[in-house]
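Peer 1: For reference, the structure I am asking about is given below.
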Amino acid sequence: MTLKEKTYATFWCISLVAMFVVFAIMASDPKYNVAAMLQLEFAHNDAHFFDIMSEYDFTADWLEMMIYLDFAFLVTFTALFYFSLKVLMAAGKVRRRSFLGLFCLVPGALDVIENILMIQIIQHGGLQDKFQYFSNVVWMKWIIVVPFIILTIIAARHLFLRLFKKQPQKKTDNDLL
């Protein structure tokens, strides 16, 4: 591995660990439920959104706290997506394109917009016009996130294989005799 590859691999690992740490902090709350959070994101309308909140006994204050933690989570997954791309670029698996690095910011930017809209919906109690924007942003984010998840899996596979790749052994003076 070149120094550049090692550097990106290190930052990739740091991003992955940071993402799991933030997720562990969120998941340490007994109320936290990934399926319920996804149900909130994909609610059909504002009434359905508030029904889900009631069903899982999510208070507005608790949900806002989780959204603020999600801001930290989105920084970590954005970094992970970026360094996944950089790992594969450094290894020559992906062509270098200047816009690709910027494209890694799109899921995080959409998540910021989603979080802001969700906070507004919670604080102002059901804004149907805002809810439609919220729903559109959620769908756009997840459509864009899926290829990045695949990219991250490919980068993980690449790093795993590089880690366990048998390195050619150097010949010593004793081998020459």
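The values are calculated or read from the model by the stated rules, or taken from the named source; none is laboratory data. Please read these numbers as outputs of a predicted model, since none were measured by experiment. Virtual Cβ from ideal backbone geometry, glycine too; neighbours counted across all protein chains shown.
Peer 1: Can you tell me how many residues within segment 102-122 are closer than 16 Å to Glu41 by Cα and either among the hydroxyl-bearing types (Ser, Thr, Tyr) or touching a residue at least 40 places away in the same chain (Cβ under 8 Å) (or both)?
Peer 2: Looking only at that region, the number is 9.
Peer 1: Which members of segment 70-128 meet the condition of being within 21 Å of Lys4 (Cα to Cα) and of a type in the set (S, T, N, Q)?
Peer 2: Residues satisfying the conditions are Thr76, Thr78, Ser84, Ser98.
Peer 1: If you check every pair at least six apart or on different chains, which have Cβ atoms under 8 Å apart with a residue in segment 55-77 that is at positive phi first and a residue that is surrounded by fewer than 16 Cβ atoms within 10 Å (Cβ to Cβ) and modelled with pLDDT under 95 second?
Peer 2: Partner pairs satisfying both residue conditions: Asp57/Lys31.
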